Amino acid sequence: MLRNHKRCLAAVGAAVTAAAALPGAAANAAVAGPQPLVAHTAALPKITITMNGEKITVSGALQSGGVEIESRVTREPQGDPTLIRLDPGVTVAQLLKAAAADPNNVALIASIVFSPQANKGTSAAQAHLAPGRYVAADLASNAKTPPLTTFTIAKAASPVRLPKPQATIASIEFSFRGPSLLHDGELVRFANHGFLVHMIVAVRGRTAAGARRIARLLKEGKDGQAQRLATGFYAFDNALTHGAYQQQVIRNRPGYWILACFMDTQDHREHTQLSMERVIRIVR
């Protein structure tokens, strides 16, 4: 489960290979996750992403600014909807080449702006989308080539602002910033304030002491032992590039959770081994 989160950007390389053929183209054990937003998103335009393990589609209010993105997952236990905005003039082939090498090369020509876990059924999160051309992929799919599509976000005449989150958790080299206590039902922003590509994955410990032990094992590179002690997993974001952020109402089981980033350095060490693991508590 822990290592499954690391396939995210590698899968982008396989996914965007198929994008050139599109018309118009130039961890599965889940804890109860975010539910459709109500009060927090009343004024936001809505985009719908549908996934079934073989196909992904994007529809709705494809305009810039703050949006609510509803994910609808069928025929697979979990989806990983990932939105990548291409820089002006960048082709899908160039994205492929970047993703196939060091994942941080993606940030030189594109931005990964949205990548929450989406459990089977309907869930929602919020994002701010800039105008431009995008690639959407479901990186949770077991297909050899993850499903993908391309779409365009038009410039809105009056972009809507996202509501202010009640808390912000941010990744940075090489740690996490933000409160150590979150409340179930809070609107929380998950952001990458670092320069490298990061993820924010949460691993639940049975107790506070158990969570601290998992954190120590992750820092020592003993992911297998850590996984055996965990009682839950959730990916708040599977990958975001510098400056990207998304937010959602958290619906995670109360208890002690370890935030972790499993991205690799150039010398093949996981970011957890560089102190990107932190114990927080979620309460009702």
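Quick check, is Ala140 assigned to a strand (DSSP E or B), among the aliphatic types (A, V, I, L, M) and either at pLDDT below 95 or under 18 Å from Lys55 (Cβ atoms) (or both)? It is false that Ala140 is assigned to a strand (DSSP E or B), among the aliphatic types (A, V, I, L, M) and either at pLDDT below 95 or under 18 Å from Lys55 (Cβ atoms) (or both).
How many residues are under 19 Å from Gln246 (Cα atoms) and either out of contact with any strand residue (DSSP E or B) (no Cβ under 6 Å at 6 or more places or on another chain) or not acidic (Asp, Glu) (or both) when one looks only at segment 135-150?
Here is the first cut: in segment 135-150, the residues under 19 Å from Gln246 (Cα atoms) are 135-140.
Now restrict to residues that are either out of contact with any strand residue (DSSP E or B) (no Cβ under 6 Å at 6 or more places or on another chain) or not acidic (Asp, Glu) (or both): 135-137, 139-140.
The total comes to 5.
Looking at segment 245-274 only, could you name the residues that are of a type in the set (Ser, Thr, Tyr), within 25 Å of Ser111 (Cβ to Cβ) and not in a loop (DSSP other than H, G, I, E, B)? Don't jump to the end; show me each part of the working.
Within segment 245-274, the first condition is being of a type in the set (Ser, Thr, Tyr), and the residues that meet it are 245, 256, 265, 272.
Now restrict to residues that are within 25 Å of Ser111 (Cβ to Cβ): 245, 265, 272.
If the condition is that a residue be of a type in the set (Ser, Thr, Tyr), within 25 Å of Ser111 (Cβ to Cβ) and not in a loop (DSSP other than H, G, I, E, B), then Tyr245, Thr272 are the ones that fit.
Of Ala124, Ala140, Ala99, Ala170, all but one fail to be touching a helix residue (DSSP H, G or I) at 6+ places or on another chain (Cβ under 8 Å) and closer than 22 Å to Met263 by Cα; the exception is Ala99.
Quick one: is Ala211 buried (at least 23 other Cβ atoms within 10 Å of the Cβ) and within 14 Å of the chain's Cα centre (by Cα)? Walk me through it before giving the result.
Numbers: buried (at least 23 other Cβ atoms within 10 Å of the Cβ): yes; within 14 Å of the chain's Cα centre (by Cα): no.
Criteria not met by Ala211.
The rows are residues; the columns are (1) at pLDDT below 95; (2) more than 25 Å from Gly185 (Cα to Cα).
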residue	(1), (2)
Gln63	no, yes
Gly66	no, no
Leu96	yes, yes
Val106	yes, yes
Gly121	no, no
Ala124	no, no
Leu129	no, no
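Results for (1) assigned to a strand (DSSP E or B); (2) aromatic (Phe, Trp, Tyr); (3) within 16 Å of the chain's Cα centre (by Cα), shown as yes or no for each residue.
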residue: Ala43; (1), (2), (3): no, no, no
residue: Glu68; (1), (2), (3): yes, no, yes
residue: Arg72; (1), (2), (3): yes, no, yes
residue: Glu76; (1), (2), (3): yes, no, no
residue: Gln94; (1), (2), (3): no, no, no
residue: Lys97; (1), (2), (3): no, no, no
residue: Ala107; (1), (2), (3): no, no, yes
residue: Ala125; (1), (2), (3): yes, no, yes
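Go through the residues of segment 78-86 one by one and say whether even a single one is outside the structural domain of Phe195 (by TED's automatic domain parsing), over 17 Å from Thr241 (Cβ atoms) and in contact with a strand residue (DSSP E or B) (Cβ under 6 Å, 6 or more places away or on another chain).
The answer is yes, given that some residue of segment 78-86 is outside the structural domain of Phe195 (by TED's automatic domain parsing), over 17 Å from Thr241 (Cβ atoms) and in contact with a strand residue (DSSP E or B) (Cβ under 6 Å, 6 or more places away or on another chain).
The values are calculated or read from the model by the stated rules, or taken from the named source; none is laboratory data. Owing to the predicted nature of the structure, the values given are computational and were not obtained by experimental measurement. All Cβ positions, glycine included, derive from the backbone under ideal geometry; neighbour counts span all protein chains shown.
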